[in-house]
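*Asks:* My questions all concern the structure below.
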Amino acid sequence: MTPVFEWREAPRAQYAVIGDPISHSRSPQMHHAAYAALGLDLRYVAIRVPVGEVSEALEHLRSIGYQGVNVTVPHKEEAFRWARWSDSTAARLGAVNTLRLEDRYALNTDIYGLIETVGDAVPGGGRAWVLGAGGTARAAILALQELDFEVVLTNRTAAKGESLAAEFGAVYQLAWTASGFDVILNTTSTGLAGEALPIDWTGAEGCQLAYDMAYGGPNNPFLAEATKRGISARDGLDLLVAQGALALEFWLGQHAPRAQMAAAVREA
Ligand code: NDP
């Protein structure tokens with residue numbers, strides 16, 4: 001388990017990840033592996049920030065010398081509201097995971113990490129199925145559209161899924177049928193809990209990638225079912241590394257050592 005600090009007791013460091021809960025985070029190990037590879041004397045810690053205290057916590061971290069912060073569940077929208085500047089992609093999403101504190105500049109590197117990891121695995125331009133309608137589903141839709149996929153969405157709470165699909169010009173599909181997609185992205189939080197989704201996998205053999213955003217769960221039924229059908233399966237560790245590498249490059253202006261970062265998260 002990663003050591004966790006309460007934000008009022010944050011130690012001397014330069015970078016941090018904030019969230020609640022946060023003890024599962026592998027970001028400190030990943031960033032320290034990068035600092036070691038780059039020969040940098042920097043410290044990155046995990047800090048718990050309760051809901052409603054994000055602005056106050058960020059002001060405090062800035063005042064004691066922190067330079068950058070990653071933001072995870074459930075604070076990405078609150079962090080966006082604290083930011084003064086962002087790129088247009090983050091503004092469209094209204095949620096950010098990377099902050100430079102000095103000038104309050106924010107990015108959503110989850111989107112670019114998704115573009116990088118999906119784009120490396122599958123040629124764009126086909127049909128993609130996104131499962132879920134939370135914050136990560138929003139990032140997934142934008143990333144897949146950027147890669148020219150036609151995006152189809154399914155969610156447990158249909159009204160929420162329909163409204164998200166309409167907002168981003170995606171198609172809503174009520175049935176959990178996996179047939180006819182080139183990529184399937186599971187953005188629901190079921191992977192971590194080991195819960196199965198009611199997916200009918202008939203006709204899914206042509207799918208090239210089943211990608212779950214969750215990582216660290218003991219067994220992931222979505223990825224296990226995909227693997228059984230010969231579909232290439234990936235968990236969220238690839239995204240964790242990609243978004244972290246992009247955040248480091250934004251903060252430090254140096255090329256991130258992705259191989260060392262990936263090794264660190266897989267060992268953690
Ligand atoms: P949200 O809480 O915003 O959304 C969760 C979604 O999961 C909702 O659509 C919800 O459906 C659905 N869901 C939850 N339980 C079930 C269930 N039993 N059956 C069907 N659907 C269910 O979460 P986020 O979008 O912020 O995060 C989703 C996942 O992505 C998390 O596991 C998170 O850790 C992971 N993630 C990983 C990253 C990485 O670096 N690898 C980066 C970002 C996220 P409903 O609307 O019906 O409630």
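*Asks:* Taking amide hydrogens as modeled 1.01 Å from N in the peptide plane, which residues meet the under 5 Å criterion relative to Leu153, leaving out close sequence neighbours?
*Replies:* Val130, Val171, Tyr172, Gln173
*Asks:* Taking +1 at the Cβ of each Lys and Arg and -1 at the Cβ of each Asp and Glu, which of Ser63, Val49, Pro74 sits farthest along the dipole of the chain towards its positive end, judged by Cα position relative to the Cα centre?
*Replies:* Ser63
*Asks:* Magnitude of the Cβ-charge dipole of the stretch 106-160, K/R +1 and D/E -1, about the Cα centre, nearest 20 debye?
*Replies:* 380
*Asks:* Evaluate the distance, in nm, between pseudo-label points positioned 7 Å from the Cα of Arg84 and of Glu56 along their respective Cα→Cβ axes.
*Replies:* Reported label-point gap for Arg84 and Glu56 is 2.3 nm.
*Asks:* For Ser55, Ser25, what's the fewest-to-most ordering of other Cβ within 10 Å of each Cβ?
*Replies:* Ordered by Cβ neighbours within 10 Å, fewest first: Ser55, Ser25.
*Asks:* Could you estimate the translational diffusion coefficient of the stretch 108-162 from the Stokes-Einstein equation, with Rh from the Kirkwood formula over C-alpha pairs, at 10 °C and 1.306 mPa s, in whole µm²/s?
*Replies:* Result for D is 140 µm²/s.
*Asks:* Follow-up question, since we're still on this one. Between His24 and Thr227, what length in nm is gained on full extension when 0.36 nm per residue of separation is reduced by their alpha carbon distance?
*Replies:* Additional length available on full extension: 70.5 nm.
*Asks:* Treating the stretch 10-135 as a set of equal point scatterers at the Cα positions, no solvent, please give the Debye-formula log₁₀ I(q)/I(0) at q = 0.11, 0.17, 0.19 Å⁻¹.
*Replies:* After summing over all Cα pairs, the log10 values are -0.42, -0.93, -1.11.
*Asks:* Continuing with this model, one more query. How do 92-104, 190-202 rank on mean C-beta neighbours within 10 Å, highest first?
*Replies:* Highest to lowest by the protection proxy: 92-104, 190-202.
*Asks:* Using a cut-off of 11 Å between beta-carbons, work out the net charge of the residues near Gln29 (Lys and Arg +1, Asp and Glu -1, Gln29 not included).
*Replies:* +1
*Asks:* Let me ask something else about it. For the stretch 23-90, what does the alpha-carbon gyration tensor say about shape, rounded, prolate or oblate, given a ≥ b ≥ c as the root eigenvalues, a/c under 1.5 as rounded, and a/b over b/c as prolate?
*Replies:* prolate
*Asks:* Another question, if that's okay. Given Gln145, Leu131, Ile22, which one lies farthest toward the positive end of the charge dipole of the chain, if we put +1 on the Cβ of every Lys and Arg and -1 on the Cβ of every Asp and Glu?
*Replies:* Of the listed residues, the answer is Ile22.
*Asks:* In sequence order, what are the phi-derived ³J(HN,Hα) couplings for the stretch 68-79 according to the Karplus relation 6.51 cos²θ - 1.76 cosθ + 1.60 with θ = phi - 60°, rounded to whole Hz, with x for glycine and proline?
*Replies:* x, 9, 8, 10, 10, 3, x, 9, 5, 6, 5, 5
*Asks:* Please list, in order along the stretch 62-67, the HN-Hα scalar couplings obtained from phi with the Karplus expression 6.51 cos²θ - 1.76 cosθ + 1.60 (θ = phi - 60°), rounded to whole Hz, x for Gly and Pro.
*Replies:* 4, 5, 9, x, 5, 9
*Asks:* Still on this structure: Mind putting together the pair-distance distribution for the chain? All Cα pairs, 10 Å bins, whole percent per bin, short to long.
*Replies:* 7, 30, 35, 21, 6, 0
*Asks:* Given bins 10 angstrom wide, list per bin the percent of all Cα-Cα distances in the stretch 165-268, short to long.
*Replies:* Histogramming the stretch 165-268 at 10 Å steps yields 14, 37, 31, 16, 2 percent.
*Asks:* Taking only the alpha-carbon atoms of the stretch 105-212, what semi-axes of the equivalent ellipsoid follow from 5 times the gyration tensor eigenvalues under a square root, in whole Å, largest first?
*Replies:* Each semi-axis is the square root of five times an eigenvalue, giving 19, 17, 14 Å.
*Asks:* Report the charge-dipole magnitude of the stretch 182-256 in Debye, nearest 20, computed about the Cα centre from +1 at each Lys and Arg Cβ and -1 at each Asp and Glu Cβ.
*Replies:* 100
*Asks:* Only four residue types carry charge here, +1 at the Cβ of Lys and Arg and -1 at the Cβ of Asp and Glu. Report the dipole size of the stretch 1-134 about the Cα centre in Debye, rounded to the nearest 20.
*Replies:* In total the dipole reaches around 80 debye.
*Asks:* Mean separation of Cα pairs under 8 Å and 6+ residues apart, divided by the residue count of the stretch 86-245: what relative contact order is that in percent?
*Replies:* About 20 percent, as a whole number.
*Asks:* Kindly state, to the nearest 0.05, the FRET efficiency for Ile64 paired with Asp103, given R0 = 22 Å and r defined as their beta-carbon distance.
*Replies:* So, using R0 = 22 Å, E works out to roughly 0.80.
Bear in mind these aren't lab numbers, they're just calculated from the coordinates by the rules spelled out. Quick caveat: nothing in here was measured; it's all calculated off a predicted structure. All Cβ positions, even for glycine, are placed from backbone atoms using ideal geometry, and neighbour counts span all protein chains on display.
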